[in-house]
Amino acid sequence: MLPRNLIDREIRFGAQNYAPLPVVLSHGRGAHLFDVEGRRYIDMMSAYSAASFGHLHPRLVAAMQRQLERLDIVSRAFHSDNLGAFYQDLAAITGLDACLVMNSGAEAVETAIKAARRFGYDELAIRADKAEIIVAAGNFHGRTTTIVGFSDDPESRRGFGPFAPGFAAAPFGDAEAIEELIGRHTAAVLVEPIQGEAGVIVPPKGYLASLRRICDRHGILLIFDEVQSGFGRTGRNFCFEHEDARPDGLIIGKALGGGLMPVSAFVARRSLMDVFSPGSHGSTFGGNPLAAAVGREAIALLRDENLAERSHVLGEVLLQALRAINHPAIVEVRGKGLWAGVELDASMVKAKDVCLALMRRGVLAKETHESVLRLAPPLVIAEDDLMEAVAAFRAALDDCAAPSERYAG
Ligand code: PLP
């Protein structure tokens, strides 16, 4: 079937909750994706970090296949023989004590919210149903009604209320503003260490460590959402490792599933995880043997291939190359590790048009908001591919200076 017909069928039978670039992918390997006509693209997006290990990494595929020959999904009604080892690996790599495995990132965020609230009532003597969690303005933590209720993105919220109470927002990057919001009902602070969807916003140095000190001073929980920033993306296994800021609870997902399946987790210190009792929380698919097999291999790969260090080194190369581009449409280049946000002057060029031009030049990336091009390639990307993508970006900026055909949505 022609690409146009494949797209039309998606539109005819699907919800229009995304505005994909007009490219129809059919296979991929490593940092490369191929469309139905065999054209090759450099993946500068990694499925929002879900494919941080590259597409179809042979070790991940083999681990999944090995598991598929033994046991599939049995639910948590029974024990399974690789779940404890998965927990142990997660605890070791995060430096925390205990895990609760879910599937999507949003579910793991919901898990953290439940844990924080119950901890607030059981351990911090917060009055029933009054617990409050402090979040950051501009946050993105997923799409459930509770989560979009504390987002400030109008299109994420419009028409989906009423929303759950119990959240207060402070400007991102301002630890003092968070401290000012702490009151007798505050159970936790929940933030992304770098805001991804907001445009790869890197907070001032010391922000994470300040949050750690503030939460300790007030005896409340610090929870980081590292669904996107985790697993080497920022040049460390987890972004909190850039500072002295180990959280009480950590939310991870995306890359944990190796790009093969949804696997997420809430990992926490023991006393926080112990708020959960049988029947208080769960998920039919959470922590299934297939997820445990893939998750364990993903953790092993991160370590064996030294991917956080690779992300650090190549990330410097990427940021330097982007900063060396001298183009009037570039307002700012920011990022950490293999995660860059290029802020564009929206009056000169739309980030969406740049993505379209990049696609024509064989590079796949996606904008966030109107004016930010987000670049987050698989951590296994070759340096030559990275440089080719940067050169394509430079050329795409020029393509967009001329009138260009725009894609809808
Ligand atoms: N938290 C963060 C920081 C994210 O970036 C995302 C997704 O982009 C989520 C949570 C939600 O993850 P999922 O789409 O798997 O529910």
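The values are calculated or read from the model by the stated rules, or taken from the named source; none is laboratory data. This one's a predicted model, so the numbers in the text were calculated from it and none came from an experiment. With ideal geometry, Cβ positions are generated from the backbone for all residues, glycine too; neighbour counts draw on all protein chains shown. Note: accessible area is taken over every heavy atom of the protein model, side chains too, but ligands, DNA and RNA are not part of it. Shrake-Rupley method; radii C 1.70, N 1.55, O 1.52, S 1.80 Å.
Among the residues here, Val227 qualifies as aliphatic (A, V, I, L, M), assigned to a loop (DSSP other than H, G, I, E, B) and within 16 Å of the ligand (Cβ to nearest atom). Please tell me if Gly105 is closer than 22 Å to Ala376 by Cα, in contact with a His (Cβ under 7 Å, 6 or more places away or on another chain) and open to solvent by less than 80 Å² (accessible area, probe 1.4 Å). In short, no. For the range 169-178, the count of residues that are at pLDDT 95 or above, aliphatic (A, V, I, L, M), out of contact with any strand residue (DSSP E or B) (no Cβ under 9 Å at 6 or more places or on another chain) and surrounded by 16 or more Cβ atoms within 10 Å (Cβ to Cβ) is at least one.
Within the range 350-398, which residues are of a type in the set (Lys, Arg) and either modelled with pLDDT under 95 or over 19 Å from Ala50 (Cβ atoms) (or both)?
Across the range 350-398, the qualifying residues are Lys350, Lys352, Arg360, Arg361, Lys366, Arg394.
Scanning the range 244-255 finds no residues that are within 12 Å of the ligand (Cβ to nearest atom), surrounded by fewer than 24 Cβ atoms within 10 Å (Cβ to Cβ) and of a type outside the set (Gly, Ala, Ser). Taken together, the residues in the range 339-349 that are out of contact with any helix residue (DSSP H, G or I) (no Cβ under 6 Å at 6 or more places or on another chain) and assigned to a loop (DSSP other than H, G, I, E, B) amount to 5. The set of residues in the range 364-387 that are surrounded by 15 or more Cβ atoms within 10 Å (Cβ to Cβ), among the acidic types (Asp, Glu) and assigned to a helix (DSSP H, G or I) contains only Asp385. Within the range 192-204, is even one residue closer than 30 Å to Pro278 by Cα, more than 12 Å from the ligand (Cβ to nearest atom) and surrounded by fewer than 20 Cβ atoms within 10 Å (Cβ to Cβ)? Checked the range 192-204: no residue is closer than 30 Å to Pro278 by Cα, more than 12 Å from the ligand (Cβ to nearest atom) and surrounded by fewer than 20 Cβ atoms within 10 Å (Cβ to Cβ).
Among the residues of the range 118-158, those that are under 25 Å from Gly196 (Cα atoms), touching a residue at least 40 places away in the same chain (Cβ under 8 Å) and outside any loop (DSSP other than H, G, I, E, B) comprise Glu132, Ile133, Ile134, Val135, Ala136, Ile147.
Taking the conditions exactly as written (surrounded by fewer than 24 Cβ atoms within 10 Å (Cβ to Cβ), within 16 Å of the ligand (Cβ to nearest atom) and either under 28 Å from Met64 (Cα atoms) or hydrophobic (A, V, I, L, M, F, W, C) (or both)), does Ala188 satisfy them or not? Against the criterion (surrounded by fewer than 24 Cβ atoms within 10 Å (Cβ to Cβ), within 16 Å of the ligand (Cβ to nearest atom) and either under 28 Å from Met64 (Cα atoms) or hydrophobic (A, V, I, L, M, F, W, C) (or both)), Ala188 does not qualify.
Inspect the range 72-87 for any residue being open to solvent by less than 10 Å² (accessible area, probe 1.4 Å), under 20 Å from Gly258 (Cβ atoms) and not in a loop (DSSP other than H, G, I, E, B) and give the result as yes or no. Yes, some residue in the range 72-87 is open to solvent by less than 10 Å² (accessible area, probe 1.4 Å), under 20 Å from Gly258 (Cβ atoms) and not in a loop (DSSP other than H, G, I, E, B).
In this structure, does Arg296 turn out to be among the charged types (D, E, K, R) and under 20 Å from the mean Cα position of the chain (by Cα)?
It is true that Arg296 is among the charged types (D, E, K, R) and under 20 Å from the mean Cα position of the chain (by Cα).
Among residues of the range 261-285 being farther than 13 Å from Leu90 by Cβ and within 14 Å of the ligand (Cβ to nearest atom), the one that is most open to solvent (accessible area, probe 1.4 Å) is Phe285.
Considering the range 94-147, and only residues there that are within 16 Å of the ligand (Cβ to nearest atom) and among the basic types (Lys, Arg), the residue that is farthest from the chain's Cα centre (by Cα) turns out to be Lys114. Among the residues of the range 128-150, those identified as more than 15 Å from Gly219 (Cβ to Cβ), open to solvent by 20 Å² or more (accessible area, probe 1.4 Å) and either among the small types (Gly, Ala, Ser) or touching a Phe, Trp or Tyr at 6+ places or on another chain (Cβ under 8 Å) (or both) are Ala128, Ala137, Gly138, Thr145, Thr146.
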